[in-house]
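One structure is given below, encoded as structure tokens.
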Amino acid sequence: MGFAKLERAALCAALDAVDPGAPTLCEGWNAHDLAAHLWLRENDPLSMPGMFLPALSGVTRSRTERLLRRWDYRELVDRIRRGPLPPSLFALPGVNELANTAEFFIHGEDVRRANGNGPRVTTPAFENQVARSLASMAKLFLRDAPSGIVLERSDTHERLRVLPGATTITLVGVPSELLLFASGRMSVAEVRAIGDEADVAELYAHHQGM
């Protein structure tokens, strides 16, 4: 079983455990809003551009509102659990694994940690998979950092230089926690930041992630 399938199940379990109005770490979104985003992302290509382009956000918003009226929360979560169907590109095994493993982990933690839960227990194999994802995504996620960035795995002590700089902040944690930090979830990520105090303070104050 691929990691994306496992993370889809964990995400849906997190959504099942809360009411539709439960908070998430996604600003302005409750659990029902997040579920709608997840379904649209995989199944409604017309809504996708507005997730990234402000000029088209009205289209995404109207399609989200229509979806929220179409299915109640539990039905929507069940449909996410079943996964996308062709012709969605996300139904392709290679695309699913590449695009969804990190996405589903992050959003599952958006639900869990906003509702009082701590980090999940993960496996070394999963952490290695996340580390590979970080190697390709971290530079984009951390592009607004005020200094150079190095990621250090607390489990293996491997280091990855993400960004150069006159000064350097080293972020220390397991890859899944580093992923949460890089994606903008600094307040809940179990990560230690080592570097100039002013640089670290600026990173925490202004980092946006994805």
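The values are calculated or read from the model by the stated rules, or taken from the named source; none is laboratory data. Every value quoted in this text rests on a predicted model; they were computed, and no experiment measured them. Ideal geometry is used to build each Cβ from the backbone, glycine not excepted, and the neighbour counts take in all protein chains shown. Calculation scope for accessible area: heavy atoms of the full protein, side chains included, ligands and nucleic acids excluded. Shrake-Rupley method; radii C 1.70, N 1.55, O 1.52, S 1.80 Å.
Those residues that are open to solvent by less than 30 Å² (accessible area, probe 1.4 Å) and either charged (D, E, K, R) or under 14 Å from His37 (Cα atoms) (or both), I need them from the range 72-94; list them, please.
If the condition is that a residue be open to solvent by less than 30 Å² (accessible area, probe 1.4 Å) and either charged (D, E, K, R) or under 14 Å from His37 (Cα atoms) (or both), then Tyr73, Leu76, Val77, Ile80, Gly83, Pro84 are the ones that fit.
Scan the range 164-177 for residues that are in contact (Cβ under 8 Å) with a residue 24 or more places away in the chain, over 13 Å from Leu134 (Cβ atoms) and in contact with a helix residue (DSSP H, G or I) (Cβ under 9 Å, 6 or more places away or on another chain) and report the count.
Residues that pass the stated criteria total 3.
Looking at Leu134, Leu151, Leu180, Leu160, can you tell me which residue is touching a residue at least 24 places away in the same chain (Cβ under 8 Å), among the aliphatic types (A, V, I, L, M) and either open to solvent by 60 Å² or more (accessible area, probe 1.4 Å) or assigned to a loop (DSSP other than H, G, I, E, B) (or both)?
Values: Leu134 fails: either open to solvent by 60 Å² or more (accessible area, probe 1.4 Å) or assigned to a loop (DSSP other than H, G, I, E, B) (or both); Leu151 fails: either open to solvent by 60 Å² or more (accessible area, probe 1.4 Å) or assigned to a loop (DSSP other than H, G, I, E, B) (or both); Leu180 fails: either open to solvent by 60 Å² or more (accessible area, probe 1.4 Å) or assigned to a loop (DSSP other than H, G, I, E, B) (or both).
From the options Leu134, Leu151, Leu180, Leu160, the qualifying one is Leu160.
Would you confirm whether any residue within the range 20-32 is open to solvent by 50 Å² or more (accessible area, probe 1.4 Å), part of a helix (DSSP H, G or I), without any contact (Cβ under 8 Å) to a residue 12 or more places away in the chain and touching a helix residue (DSSP H, G or I) at 6+ places or on another chain (Cβ under 8 Å)?
no
In this structure, does Leu140 turn out to be over 20 Å from Arg8 (Cα atoms), open to solvent by 20 Å² or more (accessible area, probe 1.4 Å) and of a type in the set (A, V, I, L, M, F, W, C)?
yes
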